[in-house]
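For reference, the structure discussed in these notes is given below.
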């Protein structure tokens, strides 16, 4: 089923997926993970994907982020159909337009916070001096300027996630995707990171899609999309009654 989409205030869609299917395995051992999932997300919207383990949340996020390709269906990211792109085209599109935040931070342990952020820019061809200056600015925005020369092992988990937020925003992405960004954090740090993250993306007009089990952070979303058995079954606003979408067709 497709979560119904109506452009709000003339906004255009950042993501439009229709009838997305994805399976893993071979032959008789092939297991469907997504079974006709569809959604539309507005530019600048903050959307959470929630559901039980095995419902397909992370797989769907990986497809929306051009990391995995769907077996069937269509996917438009920033107005471009990406389902038929080659691996090289997907990589280039991902680097240019998307940012990622992971549960386990994925920071280089031997590099300082500053170098972890700057490296993501250097790998995109930004001159080192420019990359370092932009990394310093980003770390200041996430409150880590005094700790920029410390390595991940010298930082708290909350600080590591802030470095990951700075790195994800370094290339000024139009869409930011986060997979369980508060799972490794306690309640206080989780709230602090989400306050910081949503503040930064709203300031920049970035679209944010978050996979989470953490109902402590639901209030930060504009919409919450609920998945079960590889399908989007309902949508809700934080604190509001969920809208049952089970009657909709793919």
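The residues of region 123-141 that are surrounded by 14 or more Cβ atoms within 10 Å (Cβ to Cβ), over 17 Å from residue 158 (Cβ atoms) and under 22 Å from the mean Cα position of the chain (by Cα), listed by number, are 134, 135. Looking only at residues in region 229-250 that are at pLDDT 85 or above and part of a loop (DSSP other than H, G, I, E, B), the one that is farthest from residue 36 (Cα to Cα) is 238. Of the residues making up region 16-33, those that are modelled with pLDDT of 90 or more and more than 21 Å from residue 81 (Cα to Cα) are 24, 33.
For region 74-103, the candidate set comprises residues that are touching a residue at least 60 places away in the same chain (Cβ under 8 Å) and more than 14 Å from the chain's Cα centre (by Cα); within that set, the residue that is farthest from residue 15 (Cα to Cα) is 96. Residue 47 falls short on exactly one of the conditions (1) touching a strand residue (DSSP E or B) at 6+ places or on another chain (Cβ under 7 Å); (2) under 23 Å from residue 206 (Cα atoms); (3) at pLDDT below 95, and that condition is (3).
Please work out which residue is surrounded by the fewest Cβ atoms within 10 Å (Cβ to Cβ), limiting yourself to region 175-190 and to residues that are more than 30 Å from residue 80 (Cα to Cα) and in contact with a helix residue (DSSP H, G or I) (Cβ under 7 Å, 6 or more places away or on another chain). Among residues in region 175-190 that are more than 30 Å from residue 80 (Cα to Cα) and in contact with a helix residue (DSSP H, G or I) (Cβ under 7 Å, 6 or more places away or on another chain), the one surrounded by the fewest Cβ atoms within 10 Å (Cβ to Cβ) is 187. Taking first residues from region 195-212 that are without any contact (Cβ under 8 Å) to a residue 60 or more places away in the chain and partners that are assigned to a helix (DSSP H, G or I), the Cβ contacts under 8 Å between residues at least 6 apart in sequence or on separate chains come to 195/220; 196/162; 196/165; 200/141; 200/165; 200/169; 204/169.
Per this entry, residue 74 is not counted among residues that are more than 23 Å from residue 205 (Cα to Cα) and out of contact with any strand residue (DSSP E or B) (no Cβ under 7 Å at 6 or more places or on another chain).
The values are calculated or read from the model by the stated rules, or taken from the named source; none is laboratory data. Keep in mind that what you see is a predicted model, and the values were worked out from it rather than measured. With ideal geometry, Cβ positions are generated from the backbone for all residues, glycine too; neighbour counts draw on all protein chains shown.
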